[in-house]
Amino acid sequence: MAITIRDILTLECGMQFVLAAGKSGLDNVVTSIDILDFGWENDKSFTLDLFDKNSFVVSSLQLAKGDSQKLYTTLSRMIDCGVVGLAYKPVFFKDLPSEILEMAEKNKFAIFRIENSYLPYGEIICEITDAIHLNDNILQIESCISRMLSDDLKKDEIPRLTRYISTYLQKYAQIVVIHFFEGTPTSKINSIIRHYRMDTQYKNHIVLCRYDSELIIIITADSYGEKQFNVITDIILDTCRIPKNSVSIFRSNIHPTFMELDQCIKEAFCAFTAGYILDKQDVHYRDIGILSFLIPMVKGNSPHVYDYMHNFLSPILDNEEYMATVVALTRAEGDMEAAACKLKYHKNTLRYRVNKIHTLLSPGLLYQAFYENLVVAVKIYLIYKYLHE
């Protein structure tokens with residue numbers, strides 16, 4: 001459906017493009033690619049439908065043959081047509097005149113010089129066209145994932161949506177959500193997916209896709225075995241040159257593909273939310289405990305869950321220091337030493353503060369009962385915080 005000019009620069013042909021002007025136009029949307037040739041010049045009417053809107057054009061600029069004014073008029077009219085960028089071979093113009101570069105900057109019209117003059121136009125056109133079609137597919141699969149996450153999904157929709165993602169998926173499936181520590185734009189994720197699709201070894205039964213700003217791996221196999229799914233995840237990360245120390249990984253359980261892929265997706269994103277709550281970077285759904293039902297209940301706006309959390313924590317909700325203390329203690333699974341280290345407190349200082357919080361929240365309960373109630377309330381608090389942030 002569309003890519004951006006910035007996406008084009010990640011393609012093999014785009015590696016040969018050197019920006020000459022119009023840096024502010026790199027995020028322009030490209031829906032098609034065309035060639036500027038003599039046919040355009042011969043149409044003296046210069047109507048606005050000579051080029052498709054949002055097209056990217058390649059040319060040798062032979063039609064101007066060194067005539068700067070003619071080139072200026074031509075490119076100005078292309079901009080009027082809605083063309084968003086140009087890549088030219090430096091055959092007739094090695095460097096473009098300053099007035100053309102100024103016009104490009106003013107109109108956010110990206111112009112590139114093609115370093116390799118022998119790069120065939122057909123190769124450029126095919127690669128960019130394939131990228132446009134692939135981005136369309138990425139959006140369509142994202143729509144399928146969004147539908148599978150919805151609460152009103154009907155059971156008979158699951159096989160259809162799954163087959164739309166790929167008819168080659170195998171018997172069992174696991175969803176892995178990959179979150180990049182450094183905010184990664186969707187264009188970068190799309191680029192990772194495009195490069196992966198070039199590797200034919202796994203491209204049918206293992207699908208890389210995107211949901212929002214997260215990379216999704218749909219892993220399928222004909223046998224049920226967690227070890228092989230973990231190995232495949234590592235292989236995919238290695239294939240895509242994604243260092244494990246640069247991402248968080250959230251995994252679903254393994255389910256039958258064509259009947260329960262929606263369950264995989266929901267579990268993986270539940271694990272994703274749990275990663276924030278627990279402050280962990282590698283989370284498997286089976287290990288998130290009570291969060292497996294607390295997260296859906298909070299997302300479903302259950303008033304009883306909110307009331308429990310608010311009533312229990314109300315004496316300290318406005319005290320940032322006390323809230324930081326109970327959050328650290330919860331994430332440390334009750335380990336005073338680990339929580340103190342996280343907060344940069346002495347262990348005895350933390351113990352004193354926790355005892356004070358105990359007295360404020362539930363003086364009538366023994367410490368173990370207080371801690372059990374505290375953990376549930378703090379996890380609910382963190383889920384609400386995550387959803388609102």
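Determine the calculated [θ] at 222 nm for the chain from helices alone, applying -39500 (n - 2.57) to every DSSP H run no shorter than 4 residues and normalising by the residue count; nearest 500 deg cm²/dmol.
Details: 15 runs with 195 residues, N = 389.
It lands at -16000 deg cm²/dmol.
Determine the alpha carbon to alpha carbon distance for each of Lys188/Lys385; Lys65/Lys89; Lys280/Lys342 and list only those over 18 Å.
Working: Lys188/Lys385 28 Å; Lys65/Lys89 13 Å; Lys280/Lys342 13 Å.
The pairs that break the limit, which is 18 Å between Cα atoms, are Lys188/Lys385.
Packing-wise, with mean Cβ within 10 Å as the measure, how do 261-271, 64-74 rank, highest first?
Numbers: 261-271: 23.9, 64-74: 14.6.
Packing proxy ranking, top to bottom: 261-271, 64-74.
Just to check I understand the Karplus step: with θ = phi - 60° and J = 6.51 cos²θ - 1.76 cosθ + 1.60, what whole-Hz values come out for the stretch 62-72, glycine and proline as x?
With coefficients 6.51, -1.76 and 1.60, one gets 5, 4, 8, 6, x, 8, 4, 5, 5, 5, 4 Hz.
Compute the acute angle (0 to 90°) between the alpha-carbon long axis of helix 257-278 and the principal axis of greatest extent of the alpha-carbon atoms of the chain; round to the nearest 10°.
It is inclined by approximately 70 degrees.
Averaging sequence separations of C-alpha pairs under 8 Å and six or more residues apart, then dividing by the length of the chain, give the relative contact order as a whole percent. Before the final figure, lay out the partial values.
Numbers: 582 pairs, mean separation 48.5, N = 389.
Result for the chain is 12 percent.
Can you give the charge dipole size of the chain about its Cα centre, rounded to the nearest 20 debye, using +1 on the beta carbon of Lys and Arg and -1 on the beta carbon of Asp and Glu?
740 debye
Net charge near Lys385: determine it from the other residues with C-beta under 15 Å of the C-beta of Lys385, scoring Lys and Arg +1 and Asp and Glu -1. Write out the running numbers ahead of the final one.
Details: positive: Lys299, Arg331, Lys379; negative: Asp279, Asp318, Glu320, Glu389.
In short, -1.
According to a simple spin-label model (label point 7 Å from Cα along Cα-to-Cβ), what is the distance in nm between Lys53 and Asp222?
According to this spin-label approximation, the distance is 5.0 nm.
Once the piece of chain linking Asn204 and Asn245 is laid out straight, how much longer is it, given 0.36 nm per residue of separation minus the C-alpha distance between them? Numbers along the way, then the final one.
Working: separation 41, 0.36 × 41 = 14.76 nm, distance 2.73 nm.
Computed gain between Asn204 and Asn245 is 12.0 nm.
How high is the relative contact order of the stretch 177-303? Use alpha-carbon pairs under 8 Å, at least six apart in sequence, and give a whole percent.
Working: 139 pairs, mean separation 28.7, N = 127.
Relative contact order of the stretch 177-303: 23 percent.
Hey, with R₀ at 45 Å, roughly what FRET efficiency would Val18 and Glu320 work out to, going by the Cβ-Cβ distance, to 0.05?
Working: r = 51 Å, r/R0 = 1.14.
Using R0 = 45 Å, I get an efficiency of 0.30.
With every protein chain left in place and a probe of 1.4 Å, what is the accessible surface of Asp80, to the nearest 10 Å²?
About 90 Å², rounded to the nearest 10.
Is the shape of the chain rounded, prolate or oblate, going by the alpha carbon gyration tensor and its root eigenvalues a ≥ b ≥ c, with a/c under 1.5 for rounded and a/b larger than b/c for prolate? All intermediate terms of the calculation are to be shown ahead of the outcome.
Numbers: a/c = 2.94, a/b = 2.10, b/c = 1.40.
Taking the square roots of the gyration eigenvalues as a ≥ b ≥ c, the chain is prolate.
Explain nothing, just the number: dipole magnitude of the stretch 68-117 about its Cα centre with +1 on each Lys and Arg Cβ and -1 on each Asp and Glu Cβ, in debye rounded to the nearest 20.
Numbers: 7 positive and 6 negative charges, 28 e Å.
My answer is approximately 140 debye.
Once a ≥ b ≥ c are taken as the square roots of the eigenvalues of the Cα gyration tensor of the stretch 45-132, is the result rounded (a/c under 1.5), prolate (a/b larger than b/c) or oblate (a/b not larger than b/c)? All intermediate terms of the calculation are to be shown ahead of the outcome.
Values: a/c = 1.61, a/b = 1.12, b/c = 1.44.
Because a/c hits 1.5 or more and a/b fails to exceed b/c, the stretch 45-132 counts as oblate.
What's the center-to-center distance, using Cα atoms, between the stretch 301-329 and the stretch 341-389 in Å?
9 Å
What do you reckon, how do Leu366, Leu9, Leu139 stack up by accessible area (1.4 Å probe), largest on top?
On the way: Leu366 145, Leu9 50, Leu139 75 Å².
Reading off the accessible areas and sorting them downward yields Leu366, Leu139, Leu9.
So how much accessible area does His133 have, in Å² to the nearest 10, using a 1.4 Å probe?
Surface accessible to solvent at His133 totals approximately 120 Å².
Add +1 for every Lys or Arg and -1 for every Asp or Glu among the other residues with Cβ under 12 Å from the Cβ of Phe269, and state the total. Walk me through the numbers on the way to the answer.
Working: positive: Arg251, Lys266, Lys299; negative: Asp212, Glu214, Asp262, Glu267.
Here the count lands on -1.
Please calculate how many Å² of accessible area the chain carries per residue, with a 1.4 Å probe and no DNA, RNA or ligand atoms counted. Intermediate results must be reported in sequence, preceding the final value.
Working: 19170 Å² over 389 residues.
Ligands and nucleic acids excluded, the figure is 49 Å² per residue.
Once you place label points 7 Å from the Cα toward the Cβ at Glu99 and Asp282, how far apart are they in nm?
Using points 7 Å along Cα→Cβ, the separation is 6.3 nm.
Roughly how many Å² of Met297 are accessible to a 1.4 Å probe, to the nearest 10?
The value for Met297 is about 80 Å².
Would any residue of the stretch 148-164 have its amide N under 19 Å from a label point 7 Å out along Cα→Cβ of Asp212? List them or say none.
Output list for this probe position: 148-153.
Does the stretch 307-389 come out rounded, prolate or oblate by the C-alpha gyration tensor, with a ≥ b ≥ c the root eigenvalues, rounded set by a/c under 1.5 and, if not, prolate when a/b is larger than b/c and oblate if not? If you can, show how the numbers build up before the last one.
Numbers: a/c = 1.67, a/b = 1.18, b/c = 1.41.
The shape class here is oblate.
Compute the acute angle (0 to 90°) between the alpha-carbon long axis of helix 303-313 and the principal axis of greatest extent of the alpha-carbon atoms of the chain; round to the nearest 10°.
Computed tilt is about 60 degrees.
Residues in the stretch 316-343, backbone N under 13 Å from the label point at Thr359 (7 Å along the Cα-to-beta-carbon vector): list them, ranges by number please.
Inside the label zone: nothing.
Can you give the relative contact order of the stretch 298-389 as a percent, counting alpha carbon pairs under 8 Å and 6+ residues apart?
Numbers: 64 pairs, mean separation 34.4, N = 92.
Over the stretch 298-389, the number comes to 37 percent.
For Glu142, Glu337, what's the largest-to-smallest order of accessible area, 1.4 Å probe? Walk me through the numbers before you get to the answer.
Details: Glu142 35, Glu337 120 Å².
So the residues, ranked largest to smallest area, are Glu337, Glu142.
Find out how many positive minus negative residues lie around Val354, taking Lys and Arg as positive, Asp and Glu as negative, among other residues whose Cβ is under 15 Å from that of Val354. Provide the component values of the computation, followed by the final result.
Details: positive: Arg331, Lys342, Lys347, Arg351, Arg353, Lys356; negative: Glu321, Glu333, Asp335, Glu337, Glu372.
Counting the neighbours of Val354, the net charge comes to +1.
Angle check, please: helix 320-331 long axis (alpha carbons) against the longest principal axis of the chain (alpha carbons), in degrees 0 to 90, nearest 10.
Computed tilt is about 90 degrees.
Got a sec? What order do Glu157, Glu12 fall in by accessible area at 1.4 Å, biggest, i.e. largest, first?
Largest accessible area first, the residues go Glu12, Glu157.
With the crude spin-label approximation of a point 7 Å out along Cα→Cβ, what separation in nm comes out for Thr129 versus Thr73?
3.2 nm
Counting only protein heavy atoms and using a 1.4 Å probe, what share of the accessible area of the chain belongs to carbon plus sulfur, as a whole percent?
Values: 9810 of 19170 Å².
Ligands and nucleic acids excluded, carbon and sulfur reach 51 percent.
The values are calculated or read from the model by the stated rules, or taken from the named source; none is laboratory data. Here the structure is a predicted model, which means the values were calculated and not measured. Because the Cβ atoms are built from the backbone with ideal geometry, glycine has one as well, and the counts that use them run over all protein chains shown. Areas reflect the complete protein model, heavy atoms only, side chains present, ligands, DNA and RNA absent. Shrake-Rupley method; radii C 1.70, N 1.55, O 1.52, S 1.80 Å.
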